[in-house]
1. Starting from residues that are in a loop (DSSP other than H, G, I, E, B) and among the acidic types (D, E), keep the ones in the range 1-41 and report whichever is farthest from G179 (Cα to Cα).
2. How about the range 20-77: which of its residues are of a type in the set (S, T, N, Q), surrounded by fewer than 17 Cβ atoms within 10 Å (Cβ to Cβ) and farther than 21 Å from N137 by Cβ?
3. Against the definition (buried (at least 21 other Cβ atoms within 10 Å of the Cβ), more than 20 Å from V181 (Cβ to Cβ) and at pLDDT 95 or above), how does G131 come out, yes or no?
4. Go over the candidates L154, L161 one by one and state the one that is more than 12 Å from the chain's Cα centre (by Cα), buried (at least 21 other Cβ atoms within 10 Å of the Cβ) and free of Cβ contacts under 8 Å to residues at least 24 places away in the same chain.
5. Looking at D123 and the list (1) at pLDDT 95 or above; (2) part of a helix (DSSP H, G or I); (3) closer than 28 Å to N220 by Cβ; (4) not basic (K, R), which single condition is not satisfied?
6. Out of all the residues in the range 75-104, which are basic (K, R) and either in contact with a His (Cβ under 8 Å, 6 or more places away or on another chain) or part of a loop (DSSP other than H, G, I, E, B) (or both)?
7. Please specify each residue of the range 222-275 satisfying the condition of being in a helix (DSSP H, G or I) and of a type in the set (K, R).
8. I'm checking my understanding of the structure. Among residues of the range 166-200 that are touching a Leu at 6+ places or on another chain (Cβ under 7 Å) and β-branched (V, I, T), which one is surrounded by the most Cβ atoms within 10 Å (Cβ to Cβ)?
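The values are calculated or read from the model by the stated rules, or taken from the named source; none is laboratory data. Since the model is a prediction, treat every value here as computed from it, not as a measurement. Neighbour counts run over all protein chains shown; Cβ positions are idealised from the backbone, glycine included.
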Amino acid sequence: MLIRKELEEREQATLSPNAARAGNSLGRKRPEKECDLRTAFQRDRDRIIHCKSFRRLKHKTQVFISPVEDHYRTRLTHTLEVAQISRTIARALRLNEDLAEAVALGHDLGHTPFGHAGEFVLDDILSKYYGRRFFHNEQSVRVVEVIERDGRGLNLTAEVLDGIRNHTPDDPWPATLEGRVVRLADRIAYLSHDIEDAFRAGVITPRQLPAKHLNVLGKNILDRIIRSIVKSSQGKNEIVMEPAVQRAMDGLYEFMYKNVYTNPIAKSEEAKVPELLHQLFRYYHYDPSFQKGLKEEEQLPHTIDFIAGMTDRYAITKFQELFVPDEWRRQV
């Protein structure tokens, strides 16, 4: 039963000449027997969905730290929205939908607790005291290459790793068009859903959104941007959008940065994050039982992996257990 071969032949016949093909993948670092039912990119997608780091995303911050209400986005729902947008664009452009989905589902696996606030704190600790940096995209690659499966990693294809590594604006563009689709979909997704969450939280109102940008993007911002990408990228070996739409999207992001991402009300709880993560990092890094059996050069990566892998609630719970006095009860 070689359904995989049929799928690869279908890719060859139906996908755009610019699309990545599972049958032509650069492969995995550790060669392994192919699956009869799934292409290499489908296997990568499935491995990501079933890994522990993916499940922990449901309790990691997107914008609002540990929201009590059920309807605010988390890092997991953000990831699912990025995957949906990526699939839509990839299918419309006849790109490899499986590759785009795998990259999208894995792009934030290395994110810290408390969103970008946690990332900045961990980067500050490492740059001040250890002469190194922390970036969540690099940690995402480390998660799938080293941490998952008890240190064996997921052994993903080179194309998926490249898309995960290069999904942030400061990185080089991914090598595949599918990876580039995810990079744009990531920004489109958080811009759209962060606006909705900001409305729900009462941080901004619809009337505050800049009219000059909405005149370009319309009421359905997500649909307008996706249509622009598909229209502008059709048949090309690049992923772009109309210049006017790009300017409007960038302008709307600047508005969100000033009014939501750095809003003192929306971000009031973030002031507590540095002390919490500094204390946890210091405690675990210098705890002999936590570092037991590790060589000295292995201890810092061990601490980083543990802190970065925490969910919001786990970090808060551990901080309370370690540093907040409990009520004394007589031992009977």
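1. Here is the first cut: in the range 1-41, the ones in a loop (DSSP other than H, G, I, E, B) are 1-2, 15-21, 25-27, 29-39.
Checking the rest, the ones that are also among the acidic types (D, E) come to 32, 34, 36.
On the way: E32: 23, E34: 23, D36: 25 Å.
Within the range 1-41, the match that is farthest from G179 (Cα to Cα) is D36.
2. Within the range 20-77, N24 is the sole residue that qualifies.
3. no
4. Numbers: L154 fails: free of Cβ contacts under 8 Å to residues at least 24 places away in the same chain.
Matching residue, one of L154, L161: L161.
5. Of the numbered conditions (1) at pLDDT 95 or above; (2) part of a helix (DSSP H, G or I); (3) closer than 28 Å to N220 by Cβ; (4) not basic (K, R), the odd one out for D123 is (3).
6. Within the range 75-104, the first condition is being basic (K, R), and the residues that meet it are 75, 87, 91, 94.
Hits for the range 75-104 are R75, R94.
7. Listed by number, the residues that qualify are R224, R227, K231, R247, K258, K272.
8. In this case the residue turns out to be V181.
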